[in-house]
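The values are calculated or read from the model by the stated rules, or taken from the named source; none is laboratory data. This structure is a prediction, so every number in the text was calculated from the model and none was measured. Here Cβ is always computed from backbone atoms with ideal geometry, including for glycine, and neighbour counts include all displayed protein chains.
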Amino acid sequence: MMDRFLLQGPSDARFTILLAHGAGAPMDSASMTSAAEALAGAGFRVARFEFSYMAARRTSDDRKPPPRAETLNPEYEAAIAELGAGGPLIIGGKSMGGRVASMIADDLYGRGKIAGLLCLGYPFHPPGQPEKLRTAHLEGLATPALICQGTRDEFGTRDEVPGYDLSDKIEILWLEDGDHDLKPRKKISGFSSADHLATMAKAVRAWADRLPV
């Protein structure tokens with residue numbers, strides 16, 4: 001049985017970052033763990049949690065597909081309440097986890113419950129279906145947001161994303177040759193995964209320190 005939250009970073013950190021996982025991999029996947037470690041190393045308190053469908057896979061052979069992202073909104077809100085972060089809270093996650101956070105962000109931000117939104121590899125569209133955009137709610141987003149995206153992410157590449165109508169509250173950090181896990185091909189890009197995670201964490205630190213909290 002996994003704990004409800006995986007916690008890393010200094011307990012007295014100014015900011016807490018709550019991260020949800022992507023559609024197909026759990027909160028302790030390699031990419032989630034390495035991202036959390038990088039953020040903790042930048043001075044954040046990082047909490048990871050799992051949606052119930054993913055947690056159920058740990059105790060059963062049932063491999064039901066993930067539910068529709070919007071049906072997970074109440075679960076994310078419940079995790080925020082259960083975490084009870086004392087200081088400023090940034091919500092977000094990897095891929096679908098960040099998408100769910102983005103759908104509840106404005107209500108929470110408007111009530112002073114969160115300080116910002118962090119998405120690691122936002123799924124702008126399903127792979128191979130660039131016409132099926134998941135951006136309507138991002139056009140008027142009022143919550144300060146940072147999206148960290150690999151330039152060759154098949155859910156939204158550097159060639160595609162600048163053409164989308166996104167709120168000016170959204171900043172995007174592009175990681176050269178990164179895939180959906182932000183991983184570059186070292187021989188092609190000259191960068192390692194560790195390089196990109198360090199760049200990501202440094203950018204999140206600078207962005208968080210500018211948030212109006």
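Do you know which residues across the range 134-168 are touching a residue at least 12 places away in the same chain (Cβ under 8 Å), small (Gly, Ala, Ser) and farther than 18 Å from Met103 by Cβ? Walk me through how you get there before you give the answer.
Applying the first criterion (touching a residue at least 12 places away in the same chain (Cβ under 8 Å)) to the range 134-168 yields 134-135, 137-156, 158, 160-161, 164-167.
Restricting the remaining residues to those that are small (Gly, Ala, Ser) gives 140, 142, 145, 150, 156, 167.
Correct list: Gly150 only.
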Residue count, the range 167-197 (criterion: surrounded by 15 or more Cβ atoms within 10 Å (Cβ to Cβ) and assigned to a helix (DSSP H, G or I)): 5
Unique match (being surrounded by fewer than 20 Cβ atoms within 10 Å (Cβ to Cβ), out of contact with any helix residue (DSSP H, G or I) (no Cβ under 9 Å at 6 or more places or on another chain), at pLDDT 95 or above and aliphatic (A, V, I, L, M)) among Ala30, Ala40: Ala30
Odd one out for Leu89, checked against (1) aliphatic (A, V, I, L, M); (2) in contact (Cβ under 8 Å) with a residue 24 or more places away in the chain; (3) within 19 Å of Leu166 (Cβ to Cβ): (3)
Counted residues, the range 102-133 - those being assigned to a loop (DSSP other than H, G, I, E, B) and either free of Cβ contacts under 8 Å to residues at least 24 places away in the same chain or closer than 20 Å to Leu19 by Cα (or both): 12
Which numbered condition Val204 fails, given (1) more than 21 Å from Ala69 (Cβ to Cβ); (2) of a type outside the set (Gly, Ala, Ser); (3) surrounded by fewer than 21 Cβ atoms within 10 Å (Cβ to Cβ): (3)
Cβ-Cβ under 6 Å pairs, at least 6 apart or on other chains, the range 37-51 side within 15 Å of Trp207 (Cβ to Cβ), far side of a type in the set (Phe, Trp, Tyr): Phe44/Phe15
Matching residues in the range 181-190 - criterion: being within 18 Å of Glu37 (Cβ to Cβ) and either of a type in the set (A, V, I, L, M, F, W, C) or without any contact (Cβ under 8 Å) to a residue 24 or more places away in the chain (or both): Leu182
Evaluation of Ser11 against (1) part of a loop (DSSP other than H, G, I, E, B); (2) surrounded by 14 or more Cβ atoms within 10 Å (Cβ to Cβ) (one fails), failing number: (2)
